Amino acid sequence: MKTLFYAICCVGLLWPSGLRAAEDDESMNRFVSSLLKKMTLEEKIGQLSQCAGGFATGPDNTQLSRTTDISRGLLGSMLNVSGAAETRKYQEAAMKSRLKIPLLFGLDVIHGFRTGFPLPLAEAASFDLEAIKMGARCSAREAAAAGLHWTFAPMVDISWDARWGRVMEGAGEDPYYGAKVAAARVRGLQGDDLSADSTILACIKHFVGYGAAVAGKDYNSVDMSWGHFANFYMPPYKAGVEAGAGTVMSAFNDFENRPCTGNEDLLRGLLKEKWGFQGFVVSDWGSVGEMVNHRYAKDQKEAANKAITAGLDMEMVSECYARNLADLVREKKVPEALLDDAVRRILEQKYKLGLFDDPFRYCNEERERTVIGSERSRREARYMAERSVVLLKNEGAMLPLASSVRRVALIGGLSKSQKDMCGSWTCADESKVVTLYEAMQKRGVEVDFHEGYDLESNEIKDLKGTLKAARRADVVVVAMGERAWESGEMTSKGNISIPEQQQRLVTELVKAGKPVIVLMMCGRPVIFNEVRQQAPAILCTWWLGSEAGSAICNVLWGDYNPSGKLPMTFPTHQGQLPLYYQYKSTGRPYASSGWCAKYIDIPSEPAFPFAFGLSYTTFEYSALKVLPGDGGKVHARVRVEVKNTGRYEGEEVVQLYVRDESASITRPVKELKGFEKIALKPGEGKEVVFDITDEQLGFYDNRMNFVVEKGDFTFMVGTNSRDVDAVSYTLL
Ligand code: BGC
């Protein structure tokens, strides 16, 4: 029926009769080539243009109502429009255009859609790729039911600097792990069939190096060598592309002294030619026009020229293409073939989404009503949220709480804040968020809530009343940290410490003599040295989305035994930033004293190392050994036994780190090169075996070639990046 609708629109007018979108590439090529031939220059430029509807997620320099342009075929895509009815309205306008090319609707669906999932950084703490993929699939299912075709996610930028607010949107500091998460998210969003009702286009962003903005300042310059980029920043972009992402977004920043949006070496050279990327590249919000601010283009016309030449296919918002490309082609400054290539790439993605079969296939209000916020979505969000929590401290096995705990003093306004629970940059339906306060009440415990401190000023509030409540309670649970809006885009901070008074409140509560459990709510690594020392139990709960309260309660009472590990190193001092575990050895390696790489006034050790996270149970590692490989791709195997030595069933992320002891370029002290999350019953043991292949031993040389060099390596296995056992190995 849907197909019939479109066929009726087009038959006899534009496309050869009987030609319909089919699944295979050949049909797609034929279809797209035939369509391209019919397009005027203006219609081609239209396909390369994206405007914002609804609301602005950057400096608003667009007109909001573009239906006339759409009906004239002068627009290929819209962002920030969603909802089956709303997208249908614009798509109907597109169906009035001469060639009836459907619009593509994109939105930043970053951590769940109406059902909110944990922040991407929090999800990464799960080290559970299946769960992460499931989360992305749920986002896609809900977003696709709301008329969307495309999300500007996943953000795969590696960052070592917690001052950068956008760390909340990525998978943390590690390139190996970041690559695995990038691929899982792309697969979750796009599935195996982009034309299915429940899948949407993914967008690998921000290409490249956005997370390395100097001094952690958003939009700042990036300066790194290709060799450094290749080993520490490139892997997640590459993995996302290899996983089949249909689109890539160019970054705001410069790279090698040229803005990424106009950087031919990156977009055409590395991405399209070297990696063979077949999808299309979209700019970031206004980033084509911003090349003038970078002083890389003298005006918008030159910016358009540089971007299209570099391989930037679709321009988001700034309209340099719409205003200048036609002249540039007529003046023979830009060959039309460049535009054709860009248009072809965009039409291909529309084709793969099935939009030429039925432009309204995603605008189904009935599906929108049943899919969004379904019980299944809620269940999946809760599952992901439980796995995102990281247990940082648990003195005297204070957690899990016994079922006999009936009276809880719940301190901190964050525990009641639906808005904050969603985390920043969210599409979630705030009114449907289960707060911690609500979840505790549902659990049937007596909750004595006190704000403890003012959420705006961070000043302690009613200390007397709060301490009285603490003394009367069986346990004290303190929800504290950053507000949700304090991380995300444009939220770089010069100080990532938790405010002093919030921390002092915890000290006072501990003095009251009752067990105190701190829930650290944050979107980035934060510094809380006083709390770290004073509080006996600390859970990092980030921002967990629609099911935040239920998930936290399940963890507090031990229905779920926490298994998360920090995807970023947590510092003790601002001066340590940027901070990361895979630093280079240097000529004067770090030591506790002497002439070496360290500070004289602050410690060099972090508060919590990368991939740190405790469990209510304990795990013992033993019998670490190197075993022979298979004589082929597997050079060797690393084997370890892990036993659950505690009282609870639990999951452990067993981690493999590798150090190259001598190489043709300087290499890090250790790098994560494998991990496995295993579940163990009390007393149960399992053998974990890591294959050592080129992936574990190799690196990129300064010419970006992946090389594997013979020689000595150290393999380290353990429960986090610091606490490891080591064995030696020689690749002959
Ligand atoms: C962000 C992108 C986002 C875009 C559209 C920009 O400001 O950097 O990540 O996709 O806005 O909202």
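The values are calculated or read from the model by the stated rules, or taken from the named source; none is laboratory data. Not measured: the values here are computed from a predicted model. Heads up, the Cβs are rebuilt from the backbone with ideal geometry, glycines too, and the neighbour counts pull from every protein chain shown. Surface accessibility is based on the protein's heavy atoms, side chains included, excluding ligands, DNA and RNA. Shrake-Rupley method; radii C 1.70, N 1.55, O 1.52, S 1.80 Å.
Before we move on, is MET704 open to solvent by less than 40 Å² (accessible area, probe 1.4 Å) and under 28 Å from LEU270 (Cα atoms)? In short, yes.
Can GLU173 be described as within 23 Å of LEU391 (Cα to Cα), crowded, with 24+ Cβ neighbours inside 10 Å and within 16 Å of the ligand (Cβ to nearest atom)? So GLU173 fails the test. Filter the stretch 190-217 for residues that are open to solvent by 20 Å² or more (accessible area, probe 1.4 Å) and within 16 Å of the ligand (Cβ to nearest atom); which is farthest from TYR700 (Cα to Cα)? The selected residue is LYS217.
Just to confirm my filter: which strands (runs of 3 or more DSSP E) fall fully inside the stretch 649-732 and include at least 1 residues that are among the hydroxyl-bearing types (Ser, Thr, Tyr)?
On the way: elements: 650-660, 671-680, 685-692, 711-718, 724-731.
The strands (runs of 3 or more DSSP E) meeting that bar are 650-660, 711-718, 724-731.
Figure legend. Inter-residue proximity from the stretch 225-237: first residues part of a loop (DSSP other than H, G, I, E, B), second residues modelled with pLDDT of 95 or more and of a type outside the set (D, E, K, R), beta-carbon distance below 6 Å, spacing 6+ or different chains. Indicated pairs: TYR233/ILE158; TYR233/GLY209. The numbered conditions (1) among the charged types (D, E, K, R); (2) away from the ligand (no atom under 13 Å from the Cβ); (3) buried (at least 24 other Cβ atoms within 10 Å of the Cβ) are all true for ASP223 except (3). Any residue in the stretch 280-291 that is away from the ligand (no atom under 16 Å from the Cβ), crowded, with 17+ Cβ neighbours inside 10 Å and modelled with pLDDT of 95 or more? Looking through the stretch 280-291, none of the residues is away from the ligand (no atom under 16 Å from the Cβ), crowded, with 17+ Cβ neighbours inside 10 Å and modelled with pLDDT of 95 or more. Scanning the stretch 64-81 for residues that are open to solvent by 30 Å² or more (accessible area, probe 1.4 Å) and either modelled with pLDDT of 95 or more or of a type in the set (A, V, I, L, M, F, W, C) (or both) returns LEU64, LEU74.
Restricting attention to the stretch 467-503, the residues that are assigned to a helix (DSSP H, G or I), more than 16 Å from the ligand (Cβ to nearest atom) and closer than 26 Å to MET168 by Cα add up to 6. Being buried (at least 22 other Cβ atoms within 10 Å of the Cβ) and more than 16 Å from the ligand (Cβ to nearest atom) is a description that applies to GLU142. Output yes when any residue across the stretch 128-138 is closer than 30 Å to PHE699 by Cα, outside any loop (DSSP other than H, G, I, E, B), within 16 Å of the ligand (Cβ to nearest atom) and among the basic types (Lys, Arg), and no when none is. The answer is no; no qualifying residue exists.
In a residue-by-residue description of the stretch 146-153, the property of being closer than 18 Å to LEU201 by Cα, surrounded by fewer than 24 Cβ atoms within 10 Å (Cβ to Cβ) and within 13 Å of the chain's Cα centre (by Cα) applies to no position.
Checking the stated criteria, GLU438 turns out not to satisfy the condition of being under 23 Å from the mean Cα position of the chain (by Cα), surrounded by fewer than 24 Cβ atoms within 10 Å (Cβ to Cβ) and not in a strand (DSSP E or B). Within the stretch 4-19, is even one residue within 16 Å of the ligand (Cβ to nearest atom), open to solvent by 70 Å² or more (accessible area, probe 1.4 Å) and either modelled with pLDDT under 60 or under 25 Å from CYS320 (Cα atoms) (or both)? Within the stretch 4-19 (the criterion being within 16 Å of the ligand (Cβ to nearest atom), open to solvent by 70 Å² or more (accessible area, probe 1.4 Å) and either modelled with pLDDT under 60 or under 25 Å from CYS320 (Cα atoms) (or both)), the answer is no, since none of the residues qualifies.
As a summary of the residue check, VAL343 satisfies the conditions (1) surrounded by 24 or more Cβ atoms within 10 Å (Cβ to Cβ); (2) within 16 Å of the ligand (Cβ to nearest atom); (3) more than 24 Å from the chain's Cα centre (by Cα); (4) modelled with pLDDT of 95 or more except for the one numbered (2). Condition first: in contact (Cβ under 8 Å) with a residue 60 or more places away in the chain, in a loop (DSSP other than H, G, I, E, B) and over 27 Å from ASP108 (Cβ atoms). Can you find one or more residues in the stretch 442-461 that meet it? Yes, the conditions are met somewhere in the stretch 442-461. In the set LYS180, LYS89, LYS100, only one residue is away from the ligand (no atom under 16 Å from the Cβ) and free of Cβ contacts under 8 Å to residues at least 40 places away in the same chain; that residue is LYS89.
Once the stretch 530-574 is narrowed to residues that are open to solvent by 10 Å² or more (accessible area, probe 1.4 Å) and outside any loop (DSSP other than H, G, I, E, B), the residue that is nearest to GLU486 (Cα to Cα) is GLN574. Evaluating GLU386 against the criteria (1) crowded, with 22+ Cβ neighbours inside 10 Å; (2) closer than 30 Å to TYR648 by Cα; (3) touching a strand residue (DSSP E or B) at 6+ places or on another chain (Cβ under 9 Å) leaves one unmet condition, (3).
Could you list, in sequence order, all residues of the stretch 167-180 that are of a type outside the set (Gly, Ala, Ser) and either more than 10 Å from PRO120 (Cα to Cα) or part of a loop (DSSP other than H, G, I, E, B) (or both)? Those that are of a type outside the set (Gly, Ala, Ser) and either more than 10 Å from PRO120 (Cα to Cα) or part of a loop (DSSP other than H, G, I, E, B) (or both): GLU173, ASP174, PRO175, TYR176, TYR177, LYS180.
A residue that is at pLDDT 95 or above and either open to solvent by 70 Å² or more (accessible area, probe 1.4 Å) or part of a strand (DSSP E or B) (or both) can be found somewhere in the stretch 606-616. Hey, can you tell me all the residues within the stretch 248-279 that are touching a strand residue (DSSP E or B) at 6+ places or on another chain (Cβ under 6 Å) and within 11 Å of the ligand (Cβ to nearest atom)? Result: MET249, SER250, ALA251. Candidates are the residues of the stretch 241-255 that are of a type in the set (A, V, I, L, M, F, W, C) and open to solvent by 10 Å² or more (accessible area, probe 1.4 Å); the one that is nearest to VAL181 (Cα to Cα) is ALA243.
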